[in-house]
């Protein structure tokens, strides 16, 4: 089968799974199994389709479709292949996970959940492969809608309100994207992306299109300041859906920015890259700062998505700077870093959301202050979450580190020989990335520590047990991917480098050599994650040997009665909570939190205004009734009443009318 | 692939530094005693302490789990890896593929991650606060460290630590003012990381009962004590490799390596005295006010950046 056929088969599977799940919604267990299995098969097919076009010529499928103005065109090129692969990987894992996880929602409509979940996956795949603006927008809307229904699935006040904000922002974004596409279509004379690529709109139009798509896709990506919906909507959805939303859907925002500015517009304007870089730096620092203040685990993870979108944008922005300043190496390094981090974030954020979901599955709370000590009762979940936490904190040799390393190298290469503006902007961005890295370490020590370490802080936490096997398998797969994408960097980097080269229409450069990866020029520097891993593991034998050498007369490890508390009796209230752990940061970075309060107040203001608008409309509607509809009805009725006088019912009168009419007509014609 | 010579040289270097760590801390103890006009315990006292502790029983709080038990091992493994990555005896990095600026900075993050996590895992409030402080300090210091070292790397044209040291040592840098300022900022940031007075925030003895160390005992404590000294030595080696690589060998001949070793010992000795004087003549900074100090460091780093951009 060709990749396109595989893709179509995958989409068909998703749709069958979706409707099957809906039809089976009475028989819940069947619905869960059908949706999960269908989703899994669809994801495997999609993954193979995506993987097979990573290094090859783009494949295009052009079907006339029902509309004369827009052909239904699918284009599977290196970038969309990568996106399909990422979407499918996460969808596969989420489907496996859903076999057990969705039972939690038994009796609350698991059929519709499977329907929306599979529809969501299918629409995401269709968005990234669509090669026509009209269909792109259709699938983009479908994606937003399907995820909206997943967000409001719980139907409680929080979920509905989060869904509302999400709905609003998603549609405002769609409008901006639509406006941008129509401007392009106006210049190109067609809605096909192929035509968009061929035209060269004037600089002003191109910049307007860029700004519109940056706003529209930025809102979808959750970049600051358009992120308000993200920390509310992602936590509200079921965890396997949050994993997909945070892991993949927001990447479609980044994909869109990349698609419009580089693929469609050529990306030859310096300030575009600088703008993306600046927004990336702001999003990364503020995202992690806000994450640190959270004690709701899913909100914490959602804020981290804002941070990581920022890091991806640092890479993409540097790539765009490279294009604009005609530095092929900088362009390629930037794209490589951005795309690598895009994959990595999908994997570890997916893992962390699934881990959080597993804990919530047992604990029925998202509050980290009520957890603690779960490593003992949920060892698999804890180990997987730890891998995810290490990866997202960019701890070498895991995958998050490799992509951040490339981001630093891209920024460094850009700073090394650039114009003044670039030289000024890139080191500041690198400093922001350093601050982000340090804050992320703190945040995930806190998250892992509060959830899994120490003593259980509630009865429920004591009584937890490990989650069922499908959930563990899902998490273990992603944890293995985190390790694999880090250790196998010398194998992964050439593939992603090839995709970067394909996007930029440049000959591929060599970014790997044996067990090393390098930022283009070997004189600069090298990195070898396999070597790091071997040393880190191997050198652990040294302290173990030292300790063992003196173990002769030593008694076995013993457990003390309680930790030292200066002679006081320690109790649970004394231990460090999620709140107190981050207290120094909240104190030192107080002004940045004040910004958020203002922003939150603004977004609540918008919501309030909207509610007012709705109630106004509700009041307005009857008013309109009274003022316009009512009078016109009574007017028509009145006229009818008057006319009734003419209708006497007597035949002679009617004959008189006819004669009179004939006479009048005769008079008119004669004149 | 790195050659066997490279790996064995790096391994010997790492073991030497690990073995010398208690000596280094012993010397600082003696210096402190001299400044207090006490006789002091002798420079070998820390070896005796470590050996004594290694024979004792491991005692752990009831809450402690995997993270608590694994931390000393993980910490020393990570530090040994850093010791194999940073050029000490030679001018060039011992193993290519490890000695990148960013890699080394992020390797230190492993140490910070597990050190702080063990604090939370112990279930002790002092240890937890110590962990929180350790990470906060990292947050405050990291931007200064990266910005100042990035300026040096830009001047040297490479983020490879060996190449950076070579460029600075031979004066092949565009802007001397920027190097001096960046050096000052980086050294200031590294001083924070040393965890010495006035910035011994995480393991403050009187204030936090030694922070994350407070619940450790026996062999774990012994390993940790070694690790703390080892980490200080490595931070100094890191600074030397970039800013004062003088004396270190440009090849791998035995004579060259021995000269490099002698030069390193001399540098450490000088710095130990300076550190001893600083450490014993100041009071602990208030934790709430540390951002003021770190902002000052970031200010210097930014100034170095401005100097670099304007080419002064």
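The values are calculated or read from the model by the stated rules, or taken from the named source; none is laboratory data. Computed from a predicted structure; not experimentally measured. Reconstructed Cβ throughout: ideal geometry from the backbone, glycine too, with neighbour counts over all protein chains shown.
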The listed residue being over 25 Å from the mean Cα position of the chain (by Cα) and in contact (Cβ under 8 Å) with a residue 40 or more places away in the chain, out of A:52, A:33, A:68 = A:33
For segment B:155-167, state whether one or more residues are buried (at least 24 other Cβ atoms within 10 Å of the Cβ), closer than 11 Å to residue B:185 by Cβ and modelled with pLDDT of 90 or more.
-> no
Touching a residue at least 40 places away in the same chain (Cβ under 8 Å), farther than 22 Å from residue A:493 by Cβ, touching a helix residue (DSSP H, G or I) at 6+ places or on another chain (Cβ under 7 Å) and more than 14 Å from every other protein chain (Cβ to nearest Cβ), is that true of residue A:358?
-> yes
For segment B:76-97, how many residues meet the condition of being within 8 Å of chain A (Cβ to nearest Cβ) and either in contact with a helix residue (DSSP H, G or I) (Cβ under 7 Å, 6 or more places away or on another chain) or part of a helix (DSSP H, G or I) (or both)?
-> 8
Of all residues in segment B:225-265, which are surrounded by fewer than 16 Cβ atoms within 10 Å (Cβ to Cβ) and within 30 Å of residue B:53 (Cα to Cα)?
-> B:265
Across segment A:510-526, which residue is surrounded by the fewest Cβ atoms within 10 Å (Cβ to Cβ) among those that are on the phi < 0 side of the Ramachandran plot and in contact with a helix residue (DSSP H, G or I) (Cβ under 6 Å, 6 or more places away or on another chain)?
-> A:512
Inspect all residues belonging to segment B:244-253 and state whether any of them is within 14 Å of another protein chain (Cβ to nearest Cβ) and out of contact with any strand residue (DSSP E or B) (no Cβ under 7 Å at 6 or more places or on another chain).
-> no
Among the residues of segment B:28-74, which ones are in contact (Cβ under 8 Å) with a residue 40 or more places away in the chain, crowded, with 17+ Cβ neighbours inside 10 Å and in a loop (DSSP other than H, G, I, E, B)?
-> B:56, B:58, B:61, B:63, B:64, B:65
Any hit, segment B:159-172, residues being in a loop (DSSP other than H, G, I, E, B), within 30 Å of residue A:424 (Cα to Cα) and touching a strand residue (DSSP E or B) at 6+ places or on another chain (Cβ under 9 Å) = yes
If residue B:4 satisfies every condition in (1) more than 10 Å from chain A (Cβ to nearest Cβ); (2) within 30 Å of residue A:531 (Cβ to Cβ); (3) surrounded by fewer than 16 Cβ atoms within 10 Å (Cβ to Cβ); (4) modelled with pLDDT of 90 or more but one, which is the exception?
-> (4)
What about residue B:129, is it in contact (Cβ under 8 Å) with a residue 24 or more places away in the chain, out of contact with any strand residue (DSSP E or B) (no Cβ under 8 Å at 6 or more places or on another chain), within 9 Å of chain A (Cβ to nearest Cβ) and surrounded by fewer than 24 Cβ atoms within 10 Å (Cβ to Cβ)?
-> no
Being assigned to a loop (DSSP other than H, G, I, E, B), free of Cβ contacts under 8 Å to residues at least 24 places away in the same chain, within 16 Å of residue B:103 (Cα to Cα) and more than 8 Å from chain B (Cβ to nearest Cβ), is that true of even one residue in segment A:498-519?
-> yes
Scanning segment A:55-110 residue by residue, those touching a strand residue (DSSP E or B) at 6+ places or on another chain (Cβ under 9 Å), assigned to a loop (DSSP other than H, G, I, E, B) and exposed (fewer than 14 other Cβ atoms within 10 Å of the Cβ) turn out to be A:64, A:66
All-but-one check, residue A:50 against (1) touching a helix residue (DSSP H, G or I) at 6+ places or on another chain (Cβ under 6 Å); (2) surrounded by fewer than 24 Cβ atoms within 10 Å (Cβ to Cβ); (3) in a helix (DSSP H, G or I), failing number (2)
Quick one: which helices (runs of 4 or more DSSP H) sit completely within segment A:390-463 and have at least 1 residues that are facing chain B (nearest Cβ under 9 Å)?
-> A:399-416, A:420-452
